[in-house]
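These notes concern the structure reproduced below.
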Amino acid sequence: MDCNRHTYFSAFYHIVFSTKEREPLLRDEVRVRTQQYIIGFSNKHNVRVMTINGMPDHLHFLIYVQSPALVISDYMRELKKATNKLINEQMGYRGRFRWQEGYFCQAISRERVDSCCRYIQNQQEHHKKLSFHDEWLAIMHGISNDEGKSNS
């Protein structure tokens, strides 16, 4: 008997991670190939990438997970390891590329999926006005505000 037969799990996660020291190493062709790899990697782990985009120093993506067995920290560790290897070995970086330690991951409600997708898809336009550092602070401030509202 399949013990997960009656289990329903559905979660959306907005994930952001950056290059080491936020170096602008993700040139367009590297970023596009890395994003394609992330989609394939995710599919193999039963994770659906809803949208993905980024800048030369960081990537954003929104995933949909239906398995309660997925451990985000394991998924991210393996994803970063695999893309680091891809970029260094197949895109000519020869060991010079590294991801920053850690990542941002926030579960979002089904109602916020469309707005999160638009936000991710508009990264290039968004970053004409806001640096990654300022974006990071705004995201973290937004979480603090959200948490403050939920506790009141």
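Computed from the coordinates by the stated procedures, all read-outs in this text should not be read as laboratory data. Remember, it's a predicted structure, so these values are computed and weren't measured experimentally. We place every Cβ from the backbone using ideal geometry, glycine too, and count neighbours over all the protein chains shown.
The table that follows gives values for the structure above.
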item	result
Matching entry among Thr34, Thr7 (being among the polar types (S, T, N, Q), surrounded by 11 or more Cβ atoms within 10 Å (Cβ to Cβ) and outside any helix (DSSP H, G or I))	Thr7
Single residue of the range 10-31 satisfying the filter (out of contact with any helix residue (DSSP H, G or I) (no Cβ under 9 Å at 6 or more places or on another chain) and in a loop (DSSP other than H, G, I, E, B)) that is nearest to Leu86 (Cα to Cα)	Arg27
In the range 32-86, the residues that are touching a residue at least 40 places away in the same chain (Cβ under 8 Å) and among the polar types (S, T, N, Q)	Thr34, Thr51, Asn53, Gln66, Ser67, Thr83
Count of the range 10-31 residues which are buried (at least 17 other Cβ atoms within 10 Å of the Cβ) and either without any contact (Cβ under 8 Å) to a residue 40 or more places away in the chain or touching a Ser or Thr at 6+ places or on another chain (Cβ under 7 Å) (or both)	3
Single condition Met76 does not satisfy, out of (1) of a type outside the set (S, T, N, Q); (2) in a helix (DSSP H, G or I); (3) touching a Leu at 6+ places or on another chain (Cβ under 8 Å)	(3)
